[in-house]
1. Output the relative contact order of the chain, whole-number percent, from Cα pairs under 8 angstrom with separation of 6+ residues.
2. If eta is 1.002 mPa s and T is 20 °C, what Stokes-Einstein diffusion coefficient results for region 200-259, Kirkwood Rh from Cα pairs, in µm²/s?
3. Regarding region 55-142, what whole-number volume in Å³ per residue does the convex hull of its Cα atoms give?
4. Between Ile121 and Ala136, how many nm apart are label points set 7 Å from Cα along the C-beta direction?
5. What is the Å³ per residue value for the convex hull set by the Cα atoms of the chain?
6. What translational diffusion coefficient, to the nearest whole µm²/s, does region 143-193 have by Stokes-Einstein, given a Kirkwood radius computed over alpha-carbon pairs, a temperature of 10 °C and 1.306 mPa s viscosity?
7. Rounded to a whole number of µm²/s, how large is the Stokes-Einstein D of region 151-242 at 10 °C and 1.306 mPa s, given Rh as the Kirkwood radius over C-alpha pairs?
8. Rank Ala86, Ala304, Ala322 by mean-square fluctuation in a GNM of the chain with C-alpha springs under 10 angstrom and give only the top-ranked residue.
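Rule-based calculations on the coordinates, nothing more; no lab input. The shown structure was predicted, so the numbers you read here are calculated from the model rather than taken from an experiment. Counting neighbours? That spans all protein chains shown, and the Cβs are built from the backbone with ideal geometry, glycine included.
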Amino acid sequence: MKKALITGITGQDGSYLAELLLSKGYEVHGLIRRASTFNTQRIEHLYVDPHDDDARLFLHYGDLSDGARLVSLLSRIHPDEVYNLAAQSHVRVSFDEPEHTGDTTGVGSIRMLEAVRLAGIETRFYQASSSEMFGASPPPQNEDTLFYPRSPYGAAKVYSYWVTKNYREAYGMFAVNGILFNHESPRRGETFVTRKITRAAARIKAGLENEVWLGNLDAIRDWGYAAEYVEGMWRMLQAETPDDYVLATGTGITVRDFLDEAFSRVGLDWHDHVRFDPRYLRPTEVDALIGDASKAEQKLGWKATVDGRALARLMVDADLEAIGYEGKPWHDVVDLRSWRAA
Ligand code: NAP
Ligand code: GDD
């Protein structure tokens, strides 16, 4: 049985990846942070009491800021594959907490790489790199595009990208960078723009609220479906030789387009509900990210099938369901409040 260690297992991607690896028969180990409240909601459905004989998911307390703990965990677990997904992953927040972002999203990666080296284990290493590294470089962006990060988050990811490449060259480690464009899902954190929009569309439709405050609506993003992207991560680690790959859909739409799609899904006009708050602007913005994933298609046979608009519909439907709606098309329900009361 293959063993994998996932950092960031409680996040959006970590939960989908854990699901995928368990379905492939792996023993999965996850690093989780100690918190005063439960932070494992996204993986609750996968959890089996570790005392049970058939348990294949094991969680360990740890933090990317604690290098010694990472060494001892890696020495003990001996994973065949390590997926380093943990990070302070919010771009806007990285302007508020630049030092913390540098410590986890940047230096955290070299702590993981160094822990693999010091533990003296043979393992394949995946680094969650980001299209945010391209920043101001115009689209379409691929593996050869110049990095020009526009945030402390983007700069920290560039550092992680290069140390991953360096450990591959310096120590012959099977270490790869997955340069992933934005990918979303019903499990997306509620403060990223897609989820903020789909959640608001559902709640406004249900009469639970009436407006949502947003920032820049002109930004273009290449939004794909997270469940498909974790398959690409896994394929990178099954390749014969280590290499870096872009994963993207190849189609970019604006935040405004995403709003259109999400609100029309529930028969609403977003202009009636969206308000502008400059708090959500970034000191420097990334205007347009549209990826060219042809290398991943050729070498890994990976291709995205869900684009940004389909994703908006899928996420709105899930958010409707989350507030009590049980899977019928929204137009079957004239007013969710009366439906819920019935
Ligand atoms: P996410 O939902 O924000 O999850 C981040 C994960 O990292 C959570 O499990 C979080 O734990 C954990 N974490 C944060 N700081 C940590 C620390 N100091 N030590 C240990 N764990 C820590 O992010 P995601 O969307 O799944 O993304 C996964 C990775 O891919 C991230 O590195 C992100 O930067 C990168 N990425 C994401 C996208 C995207 O569009 N989603 C695109 C490109 C790259 P808690 O649950 O306790 O907070
Ligand atoms: N979060 C947020 N909240 N973004 C907003 C809002 C708002 O109220 N209003 C407009 N936006 C705009 C942002 O300015 C940005 O241009 C765009 O919506 C997308 O913002 P996010 O959803 O926060 O994602 P991101 O593109 O900054 O970063 C995500 O994708 C990266 C890959 O390109 C994150 O998942 C990063 O971790 C990831 O690396």
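1. Working: 687 pairs, mean separation 56.5, N = 342.
Dividing the mean separation by the residue count of the chain yields 17 percent.
2. Numbers: Rh = 14.7 Å.
Answer from the Stokes-Einstein relation: 146 µm²/s.
3. Working: hull volume 11.6 nm³, N = 88.
Dividing the Cα hull volume of region 55-142 by its residue count gives 131 Å³.
4. Taking the simple label geometry, Ile121 and Ala136 are separated by 4.2 nm.
5. Numbers: hull volume 49.5 nm³, N = 342.
Per-residue hull volume (Cα only) is 145 Å³.
6. On the way: Rh = 13.1 Å.
Approximately 121 µm²/s, per Stokes-Einstein.
7. Numbers: Rh = 16.2 Å.
It diffuses with D of about 98 µm²/s by this estimate.
8. Of Ala86, Ala304, Ala322, the Gaussian network model singles out Ala322 as fluctuating most.
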